[in-house]
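Before any comments, here is the structure.
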Amino acid sequence: MPRPYAAAFVRPPVLTPQSISTDSDGAKVNHYRITMSQAAAQILPRKTTNILGFNGIFPGPTIELEQGTRSMVHMRNQLPKNHPTLGHLLATSTHLHGSASLPQYDGYASDVTLSGFYKDYFYPNFQAARTLWYHDHGVHFTAQNVYSGLAALYIMHDKEERELLPQGSFDVPLVISDAMFAADGSLGYDDRDRSGLWGDVVLVNGRPWPVMQVQPRVYRFRILNASVSRSYRPTLSTGDPVHVVATDGGLIPRTQAVKYWRHGSAERYEVLIDFGKYKPGQRIELRNLSNENNRDFDHTNKIMAFDVVAPPSEREMKLDPKWNFIPTTLVDSHVMGLTRNDAEKKRQFRVQRGDPDGPWNVSGMTWEDVIASNFKLAGADPKLNGVEIWEIENKSGGWFHPIHIHLVDFQILSRNGKPAAAWERGPKDVMYVGENEKIQVIMQFGPHKGRYMVHCHNLVHEDHSMMFQFRVGLGVNDPDPNDPILAAPAKLDPETGPE
């Protein structure tokens with residue numbers, strides 16, 4: 001086992017565009033090239049670990065750009081034909097989580113790219129600044145593929161966010177995941193009879209329980225839970241609050257000071273921590289209080305540590321007015337202004353498992369049902385730009401379900417009839433549905449017509465088979481120019497072998 005706080009903190013590298021072009025309307029387009037490949041990673045101190053990675057690293061390279069700069073990602077599958085240890089076919093589908101993409105570029109689970117093929121993904125990037133991430137979404141094997149390393153950040157900036165929050169070296173991504181390792185350093189995989197995978201090693205940016213050196217000033221942390229199943233409840237060892245400034249869909253209306261927050265798989269929270277109250281030489285730990293229905297081990301109550309070093313120089317302070325600043329008022333958004341009176345329809349769903357050996361499902365629907373219908377079955381058919389309230393209920397004991405709705409941001413109206421928790425009072429695309437909880441959310445469906453997925457982001461549950469689709473602005477037999485499987489299929493890669 002690696003020792004907590006023995007590894008140095010690292011940031012994932014930022015990917016440079018291969019080229020830049022201009023669309024017919026004058027918009028800038030960044031062209032990126034990414035190859036999914038097998039590689040050996042130095043995660044443990046004395047062993048190497050075989051991973052599957054975007055450009056052969058975990059986390060993969062971060063894509064970072066400005067709102068309004070579009071992107072085209074040339075995604076090559078140069079993985080082995082079959083998973084090297086688990087044996088399944090390595091057919092991938094890349095989902096940019098948090099993007100309002102057209103259906104054919106959304107990473108629809110059954111729109112797969114086989115080894116030796118590629119797919120070009122187009123992303124419009126018109127939404128407000130936010131922390132997104134891209135990961136594999138291949139049908140039935142998302143859990144194994146993401147766990148093996150196919151996950152990375154995608155960061156979008158805008159003018160408002162740049163003026164309000166720390167940037168550059170003080171804008172820090174934290175990709176949190178957990179893993180289990182065999183004695184030879186390889187990844188172990190045990191989904192406990194299709195219920196979930198909980199590892200005994202917590203990784204931050206691919207390093208076990210790392211230590212980051214920080215100045216006594218305000219830092220911004222973009223925190224992604226990339227674990228397959230585990231949820232976290234982060235808190236500072238000092239008992240001081242952190243300041244939540246953004247959720248999945250970007251900035252929240254007002255900063256929320258919290259002593260901890262509940263963080264399910266695929267959720268993103270941006271928090272400010274003021275290290276200015278601590279002295280150089282002091283260590284502050286980011287700990288994990290955990291939540292009900294996790295499986296915890298000796299050191300899963302730890303995430304990482306911060307060592308305070310020398311204070312910022314006068315020059316740094318002059319160049320960076322946000323070094324000692326925590327804003328109170330941030331940015332309103334359209335979705336956070338929606339009210340119950342705006343809703344045209346209300347729908348109810350239940351997340352459950354039919355029997356101990358049966359598939360996970362949503363109100364009885366599974367992805368097998370969608371496939372069997374030739375991808376016509378839909379659990380909802382909202383109008384284009386229609387506003388709806390969805391109620392998601394979890395009455396099955398022993399489980400929590402982070403439910404992700406593709407395409408849209410939503411506002412959490414209530415949790416068991418009470419207001420949303422302080423940390424989730426911003427635009428969201430994943431809701432944590434705990435045991436015996438009933439969540440109501442409101443959203444507007446657009447800007448695209450087409451078919452999109454809803455699923456549990458406990459990826460083991462998604463694969464077996466807690467996922468269905470909704471259809472925006474289309475009748476069941478209407479022609480679909482943005483068919484998620486047929487409109488932009490993968491193509492044979494003319495290049496031979498990985499880069």
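The values are calculated or read from the model by the stated rules, or taken from the named source; none is laboratory data. Note that this is a predicted model, so its numbers are computed, not measured. So basically every Cβ, Gly included, is an ideal-geometry build from the backbone, and we count neighbours across all protein chains shown. Note: accessible area is taken over every heavy atom of the protein model, side chains too, but ligands, DNA and RNA are not part of it. Shrake-Rupley method; radii C 1.70, N 1.55, O 1.52, S 1.80 Å.
A few notes on this one:
- Candidates are the residues of segment 32-44 that are hydrophobic (A, V, I, L, M, F, W, C) and assigned to a strand (DSSP E or B); the one that is surrounded by the fewest Cβ atoms within 10 Å (Cβ to Cβ) is Ala40.
- Residue within segment 324-339 that is modelled with pLDDT under 95 and open to solvent by 60 Å² or more (accessible area, probe 1.4 Å) present: yes
- Total residues in segment 45-72 satisfying the condition of being open to solvent by less than 20 Å² (accessible area, probe 1.4 Å), farther than 29 Å from Ser24 by Cβ and in a loop (DSSP other than H, G, I, E, B): the figure is 3.
- Residue check for Ser169: outside any loop (DSSP other than H, G, I, E, B) and free of Cβ contacts under 8 Å to residues at least 40 places away in the same chain: yes
- In segment 113-140, the residue that is nearest to Leu153 (Cα to Cα) out of those that are hydrophobic (A, V, I, L, M, F, W, C), part of a strand (DSSP E or B) and over 18 Å from the mean Cα position of the chain (by Cα) is Phe122.
- All of Val175, Val202, Val211 fail the test of being touching a strand residue (DSSP E or B) at 6+ places or on another chain (Cβ under 6 Å) and surrounded by fewer than 23 Cβ atoms within 10 Å (Cβ to Cβ), apart from Val211.
- Residue selected from segment 215-250 under the condition without any contact (Cβ under 8 Å) to a residue 40 or more places away in the chain and not small (Gly, Ala, Ser), by the criterion least open to solvent (accessible area, probe 1.4 Å): Val242
- Number of positions in segment 314-365 that are outside any loop (DSSP other than H, G, I, E, B) and β-branched (Val, Ile, Thr): 4
- Verdict on Leu459 being within 21 Å of the chain's Cα centre (by Cα) and modelled with pLDDT of 95 or more: yes
- Whichever residue in segment 125-140 is crowded, with 24+ Cβ neighbours inside 10 Å and in contact with a helix residue (DSSP H, G or I) (Cβ under 9 Å, 6 or more places away or on another chain) and, among such residues, is farthest from Leu174 (Cα to Cα): Gly138
- Filtered residue count, segment 85-108, keeping only those that are assigned to a loop (DSSP other than H, G, I, E, B) and in contact with a helix residue (DSSP H, G or I) (Cβ under 8 Å, 6 or more places away or on another chain): 3
- Applying a threshold of 6 Å to beta carbon distances and a minimum spacing of six or more residues, or different chains, the list of pairs starting in segment 457-478 at a residue that is within 15 Å of Gly196 (Cβ to Cβ) and ending at one that is assigned to a helix (DSSP H, G or I) and open to solvent by 10 Å² or more (accessible area, probe 1.4 Å) reads Ser465/Glu368.
- Verdict on Val14 being within 30 Å of Ile284 (Cβ to Cβ), open to solvent by 20 Å² or more (accessible area, probe 1.4 Å), touching a Pro at 6+ places or on another chain (Cβ under 8 Å) and free of Cβ contacts under 8 Å to residues at least 60 places away in the same chain: yes
- Every residue from segment 84-108 that is in contact with an Asp or Glu (Cβ under 8 Å, 6 or more places away or on another chain) and either on the phi < 0 side of the Ramachandran plot or surrounded by fewer than 21 Cβ atoms within 10 Å (Cβ to Cβ) (or both): Thr92, Ser93, Thr94, His95, Leu96, His97, Ser99, Pro103, Gln104
- Of the strands (runs of 3 or more DSSP E) lying entirely inside segment 370-441, those containing at least 1 residues that are open to solvent by 10 Å² or more (accessible area, probe 1.4 Å) and acidic (Asp, Glu) span 387-394.
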